[in-house]
Amino acid sequence: MRVHIRNTTILTMNKEEAPFLGDIVIHNDRIEHIIHKDQQTIDPIILEQINHDDVQVIDGTDMVTMPGLINAHQHTPMNLLKGFSDDLKLMDWLEKKMFPAEAQMTPEDIYWGSQLSMAEMIRSGTTTFADMYMHMNQIAQAVEEVGMRASLTRGLVFHDDDQGARIREAIELVEQWHGQADGRITTMFGPHAPYTCPPDSLLEVIELAKQYQLPIHIHLAETKEEVITMRERYEQTPTQYLYELGLFEQLHVMLAHSVHLTKRDIQYLTGMRGGVIHNPVSNLKLGCGIAPVTEMMKQGITVGLGTDGAGSATTLDMFQEIKAATWLQKLDYGDPTVLPAYQSLQMATIESAKLLAIDHETGTLEVGKKADMILIDLLQPHLQPVHHIVSLLAYSANGADVDITIVNGQILMRQRQLITIDEQEVIRQGNIRAQRIVNGI
Ligand SMILES: CSC[C@H]1O[C@@H](n2cnc3c(O)ncnc32)[C@H](O)[C@@H]1O
Ligand SMILES: [Zn+2]
């Protein structure tokens, strides 16, 4: 099966290549050809392929085709908890509101909550996400059905004596789902945060990650309070705590937030495999602070982008994160030249792909890579005139401008109609379940 996207503006996000007019041919799950319009003659073999009957043609006129966005830190079922509890400090919000609500969630709630989240992500141009939650079988099943790409992690909070059971669930997720759904699902280990994971539990997870040769996904240094707690408990910063336990030695690690880092903390991260997931909107809303993104990048640390769960991020629109990421750094430095538009788009595409250890498959448009891409409709007042495509995408576009979303060669949304999700049923289920969960607290 082939898809032929014709006459579109292509932004590959590959090695700072400028946008150009052309065609893209997808064959099954991969990009087969990227054809520049100014190419004088098209190879007769390509012509033969694209003139065939079973080719689905998409007219890309007045659209930009770019790599799908990669949300590197999410808690998908938290869509059910969006707007139920706002304007609280992180620890009050988590311990008094989120953890009790999550204790009410059934596996079916997780399945429908995750589909609701995926509907919002596909609509706003996200093709891949990293998730940390519980009842991960239900999320994996939803990913398999919906067609997105995902890196799944059983979140491990060690605040009761069920440590063994939780670790077994984490292993089951890895053994059952890693590489499944035509390779769209990968897995990681997910100790929740330094303050919820005592040293013995973290050492156990580190051993598992080494044994299975898989990455680790963890929250780090999100608030000043976390730094104070870790100082009181261990006389260490949260980053130093992970460093001393050996987390950064050989493993590929994804560190969500990483707002409160000292100069020495940044040195601990320099040279690490993996990197940091910046969550600027969640950090703004919870009043956490501004992560030292520019400084980390200067030290060669990979920095990708994520929303965090909809409970704190309020929307899953990665275009909002792109704007927040670049504008917060400009504000922090009092300098508009810091973190320019192209770099902020890289954070949401190839840099996030590197964090998920899937940059050989996605994150840029390149022949041979997986066909994960979005088409953005430029023919709208807020996206005209087109002086500079990259600026428009970073500073003026939003998720609702995405017209077509393609993952692994499969069209998941066309003309803003979701194809693999029964949107009305997902909204209905989401409402009933969200109401029951909050009534139960
Ligand atoms: C045990 S699964 C993951 C766990 O993380 C919680 N969570 C959601 N947002 C945040 C955040 O900003 N910092 C720390 N933890 C967060 C979520 O409620 C789940 O319980
Ligand atoms: Zn989180």
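Just so it is clear, none of the values below were taken in a lab; they were calculated from the coordinates. All of these numbers come straight from a predicted model, not from anything done at the bench. Reconstructed Cβ throughout: ideal geometry from the backbone, glycine too, with neighbour counts over all protein chains shown.
Enter the angle in degrees (range 0 to 90, nearest 10) between the Cα long axis of helix 318-333 and the first principal axis of the Cα atoms of the chain, meaning the one along which they spread out most.
Approximately 70 degrees, to the nearest ten.
Can you compute the charge dipole magnitude of segment 219-366 about its Cα centre, using +1 on each Lys and Arg Cβ and -1 on each Asp and Glu Cβ, nothing else charged? Give it in debye, rounded to the nearest 20.
On the way: 11 positive and 18 negative charges, 53 e Å.
So the magnitude is around 260 debye.
To the nearest 500 deg cm²/dmol, what mean residue ellipticity at 222 nm is calculated for the chain from DSSP H runs of n ≥ 4 alone, each contributing -39,500 (n - 2.57), summed and divided by the residues?
-10500 deg cm²/dmol
Residues with beta-carbon under 11 Å from that of Glu225, excluding Glu225: net charge, scoring Lys, Arg +1 and Asp, Glu -1?
-1
At 7 Å along the Cα-to-beta-carbon direction for both Gln211 and Lys89, put a label point, then send me their distance in nm to one decimal.
3.9
What is the spin-label model distance, in nm, from Asp54 to Lys224 if the labels are put 7 Å beyond Cα along the C-beta direction?
Result: 6.3 nm between the two label points.
I'd like to compare 372-378, 274-280: which one has the highest average count of other Cβ atoms within 10 Å, and what's the full order after that?
Going from most to least packed, we get 274-280, 372-378.
Across the chain, what fraction of all alpha-carbon pairs, as a whole percent, falls in each successive 10 Å bin from zero upward?
Values per bin, smallest distances first: 4, 22, 32, 26, 12, 3, 0, 0.
Does anything in segment 1-21 have its amide N under 12 Å from the 7 Å Cα→Cβ label point of Arg414, and if so which residues?
2-5
Go ahead and collect, in residue order, the members of segment 76-101 whose backbone nitrogen is under 18 Å from a label point 7 Å along the Cα-Cβ direction of Ile427.
Backbone N within reach: 79-83.
Quote to one decimal, in nm, the extra length available between Gln299 and Ala165 on full extension: 0.36 nm per residue of separation minus the C-alpha distance between them. Walk me through the numbers on the way to the answer.
Values: separation 134, 0.36 × 134 = 48.24 nm, distance 3.91 nm.
Fully extending the segment from Gln299 to Ala165 adds 44.3 nm.
Give the calculated FRET efficiency between Asp43 and Thr337 to the nearest 0.05, with a Förster radius of 60 Å applied to their Cβ-Cβ distance.
The calculated FRET efficiency here is 0.90.
Could you tell me which of the pairs Lys263/Lys354; Lys323/Lys370; Lys15/Lys285; Lys224/Lys323; Lys37/Lys330 are separated by over 32 angstrom between their Cα atoms in the structure shown?
Check vs 32 Å cut-off fails for Lys15/Lys285; Lys37/Lys330.
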